[in-house]
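Novice: One structure, pasted below without further comment.
Nothing in this text is a laboratory measurement; each read-out follows from the coordinates by a stated rule. Please read all numbers here as calculations on a predicted model, not as lab measurements. Using ideal geometry, Cβ is built from the backbone for each residue, glycine included, and neighbour counts are taken over all protein chains shown.
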Amino acid sequence: MASLLSVSLTSASPSPSASLSTQESHKGKLKLRNSGLSFTNEKINPFANEKSSGRISMVAAVNASRFDGIAMAPPDPILGVSEAFKADTSELKLNLGVGAYRTEELQPYVLNVVKKVENLMLERGENKEYLPIEGLAAFNKVTAELLFGADNPVIKEQKVATVQGLSGTGSLRLAAALIERYFPEAKVLISSPTWGNHKNIFNDARVPWSEYRYYDPKTVGLDFEGMIADIKAAPEGSFVLLHGCAHNPTGIDPIPEQWEKIADLIQEKNHIPFFDVAYQGFASGSLDADAASVRLFAARGMELFVAQSYSKNLGLYSERIGAMNVVCTSAGAAARVKSQLKRIARPMYSNPPIHGARIVANVVGDPALFNEWKAEMEMMAGRIKNVRQKLYDSLCAKDKSGKDWSFILEQIGMFSFTGLNQTQSENMTNKWHVYMTKDGRISLAGLSLAKCEYLADAIIDSFHNVS
Ligand code: PGU
């Protein structure tokens, strides 16, 4: 029989974020921002409902855990798909969940140029000392140049605050913390739909967000009017999160004239554009073409945020290499913003990892290796375009219903947004062993030419036979 003991706990302890906000509290009052979300003590502190005000005591069995109040978290909608895929023993199984490039043999791919540079790094016997908080200087230089173009006045005039981040996600999270700290009244507008983790990032940073219309299921295209109306209706000075290229999950990007109109409106409303660039060079095969949207905004002299990732274009998924860039209207503002980004990074993770930063800096810094990278990027983008075409051809050949599948060819990047609903997507997995996210997104980077016909059969069955 379990013996009983009494446990004493300090009650009403503020949540971790509340204690962070205390730094900025006024006259000792705890200031929690109204994010429109429930982050009350009741939600976070399982003991908060206890009546006692100073200290609480509770009686617990020794076998009971202090963590019994913590519920099981749901699996991640994207990374959880890979876990389910691993557990499936069927030979037919296909992982089109996570956006990660695979070869035609459906194997993970390490770029040749990365292997070369890693060998060079090993030969040089470089040390593993801490990086500065802002990351590797040579990386920060080349990453901003790749994004804006080396000749861009924003670079020449030192108007960009660049810090190395923990890939795209970590860079977005840093920026979210900057918004929370210095723009307490602002909210972030995100596209509907968007990459699933965007909402988590802003929720955890306690930055309120709302959605703007983006995808029109009727046309399986961009709802440009809806997008414009929602950005217009947002309070002045909002941050507008935009996907630099290859919108995730839809694969639908505004055309250049639409980008101009979006920029006009953002300027008019005094909003701050916030680009997430996770696919530069990977969407079209060209680093410059895929940065056109960001450069268009920068050329207007606008202040903007840009998060970058090297997960896809250099295949450095697990090295966690990316950057956060803030373009300011003066070098002085950029220096101050950078100092604050460092201040946010220091207690979060102190300083970033060096390996991926050295790979990027060495690849971009050597003209021959840089060219080799571009060729490999074109090859990867080309393989994805080929499977996109073959999937479309297979759907047209097999589907006798007359349905127009041409939207698949109009989408760009590594994903296709099939238009399958949740039940249909579940049929893809349960019946056909095709693993994908429940929003109907498939990663074409995980598809081979050999599997296109099988996938077409699965899509046609799910679309027509499941409601
Ligand atoms: N932003 C967008 C638009 C993305 O699609 C991704 C990755 C990221 C940022 C972050 O990538 P980092 O690896 O942190 O640089 N999205 C992929 C990868 C899996 C995931 O959800 O993290 C995806 O499958 O959507």
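Novice: Ranking request for peptides 427-434, 370-377, 217-224: highest mean number of other beta-carbon atoms within 10 Å first, then the rest in descending order.
Specialist: Details: 427-434: 19.5, 370-377: 17.6, 217-224: 14.8.
So the peptides 427-434, 370-377, 217-224, ranked by packing, come out 427-434, 370-377, 217-224.
Novice: For the range 442-459, take each phi angle, set θ = phi - 60°, evaluate the Karplus expression 6.51 cos²θ - 1.76 cosθ + 1.60, and give the result in whole Hz per residue in order, putting x for glycine and proline.
Specialist: 10, 8, 6, 5, x, 10, 10, 4, 5, 9, 5, 5, 4, 5, 4, 4, 5, 5
Novice: Give me, ordered by chain and number, the residues 5 or more places off HIS243 or on other chains with an amide H under 5 Å from its own placed amide H.
Specialist: ASP276
Novice: If packing is taken as the mean number of other Cβ atoms within 10 Å per residue, what is the order of 197-207, 84-94, 260-270, 133-143, highest first? Please report the intermediate quantities before stating the final value.
Specialist: Numbers: 197-207: 19.2, 84-94: 12.5, 260-270: 15.6, 133-143: 21.5.
Order by mean packing, descending: 133-143, 197-207, 260-270, 84-94.
Novice: Using a ≥ b ≥ c from the Cα gyration tensor of the range 309-349 (square roots of the eigenvalues), is it rounded, prolate or oblate, where a/c under 1.5 gives rounded and otherwise the larger of a/b and b/c decides, a/b for prolate? The partial results should precede the final answer.
Specialist: Values: a/c = 5.77, a/b = 1.69, b/c = 3.42.
Verdict is oblate for the range 309-349.
Novice: Enter the Cα centre distance for the pair the range 355-376 and the range 274-327, rounded to the nearest angstrom.
Specialist: 16
Novice: Now for a separate question. To make sure I understand the rule: partners must be lysines, Cα under 19 Å from the Cα of LYS342, and not fewer than 8 residues away in the same chain. Which ones qualify?
Specialist: LYS342 reaches LYS141, LYS159.
Novice: How would you classify the range 404-451 from its alpha-carbon gyration tensor, with a ≥ b ≥ c the square roots of the eigenvalues: rounded for a/c under 1.5, else prolate if a/b is greater than b/c, otherwise oblate? Numbers along the way, then the final one.
Specialist: On the way: a/c = 1.87, a/b = 1.30, b/c = 1.44.
Cα axes put the range 404-451 in the oblate bin.
Novice: With a ≥ b ≥ c taken as the square roots of the eigenvalues of the C-alpha gyration tensor of the range 126-190, please select rounded if a/c is under 1.5 and otherwise prolate if a/b is larger than b/c or oblate if it is not?
Specialist: Values: a/c = 2.28, a/b = 1.29, b/c = 1.77.
Since a/c reaches 1.5 but b/c is at least a/b, the shape of the range 126-190 is classed as oblate.
Novice: Out of residues 5 or more away from PHE415 or on other chains, whose amide H comes under 5 Å of its own, with H placed 1.01 Å from N in the peptide plane?
Specialist: The answer is LEU444.
Novice: Could you give each residue of the range 424-433 its phi-based ³J(HN,Hα) in whole Hz, using Karplus coefficients 6.51, -1.76, 1.60 with θ = phi - 60°, and x for Gly or Pro?
Specialist: 5, 5, 5, 4, 4, 7, 5, 8, 9, 6
Novice: For the chain, calculate the relative contact order in percent as a whole number, restricting contacts to Cα pairs under 8 Å that are 6 or more residues apart.
Specialist: Working: 792 pairs, mean separation 97.0, N = 467.
That works out to 21 percent.
Novice: Mind ordering 411-417, 73-79, 313-319, 342-348 by average Cβ neighbours within 10 Å, highest first? Walk me through the numbers on the way to the answer.
Specialist: Numbers: 411-417: 24.9, 73-79: 12.0, 313-319: 20.6, 342-348: 14.9.
Order by mean packing, descending: 411-417, 313-319, 342-348, 73-79.
Novice: Mind checking the range 135-240 for GluC sites (Glu not before Pro) that DSSP puts in a loop (not H, G, I, E or B) and that have at most 11 other Cβ atoms within 10 Å?
Specialist: Qualifying residues, ordered by number: GLU185, GLU236.
Novice: Same structure again: What per residue convex hull volume, in Å³, comes out for the chain when only alpha-carbon positions are used? If you can, show how the numbers build up before the last one.
Specialist: Working: hull volume 91.9 nm³, N = 467.
Output value, Cα hull per residue: 197 Å³.
Novice: So, one more: So for the chain: antiparallel DSSP bridges make up what percent, rounded to the nearest 5?
Specialist: Numbers: 27 of 45 bridges.
Here the share of antiparallel DSSP bridges comes out near 60 percent.
Novice: Over the Cα atoms of the range 201-271, what Rg and Dmax result, in angstrom?
Specialist: Computed over the Cα atoms of the range 201-271, radius of gyration and Dmax are 12.6, 35 Å.
Novice: Work out the charge dipole of the chain with +1 on the Cβ of Lys and Arg and -1 on the Cβ of Asp and Glu about the Cα centre, then indicate which of ILE384, GLY332, VAL160 is farthest towards its positive end.
Specialist: GLY332
Novice: Can I ask one more? If the cut-off is a Cα-Cα distance under 17 Å, which lysines reach LYS93, setting aside same-chain residues fewer than 8 apart in sequence?
Specialist: LYS431, LYS438, LYS451
Novice: Convert each backbone phi in the range 275-288 into a coupling constant with the Karplus relation 6.51 cos²θ - 1.76 cosθ + 1.60 (shift: θ = phi - 60°), then list the ³J(HN,Hα) values in order as whole Hz, x for Gly and Pro.
Specialist: Whole-Hz 3J(HN,Hα) from phi for the range 275-288: 8, 10, 10, 9, 9, 5, x, 8, 6, 9, x, 10, 4, 6.
Novice: If you don't mind, another one. Can you compute the charge dipole magnitude of the chain about its Cα centre, using +1 on each Lys and Arg Cβ and -1 on each Asp and Glu Cβ, nothing else charged? Give it in debye, rounded to the nearest 20.
Specialist: Details: 50 positive and 50 negative charges, 300 e Å.
Using only the charged Cβ atoms, the result is roughly 1440 debye.
Novice: Turning to a different aspect of this structure: State the answer as a single residue: which of ILE344, ALA246, TRP259 lies farthest towards the positive end of the charge dipole of the chain, with beta carbon charges of +1 for Lys and Arg and -1 for Asp and Glu, about the Cα centre.
Specialist: Of the listed residues, the answer is ILE344.
Novice: List the residues whose amide H sits under 5 Å from the amide H of LEU166, counting only those 5 or more places along or on another chain, with H placed 1.01 Å from N in the peptide plane.
Specialist: SER171
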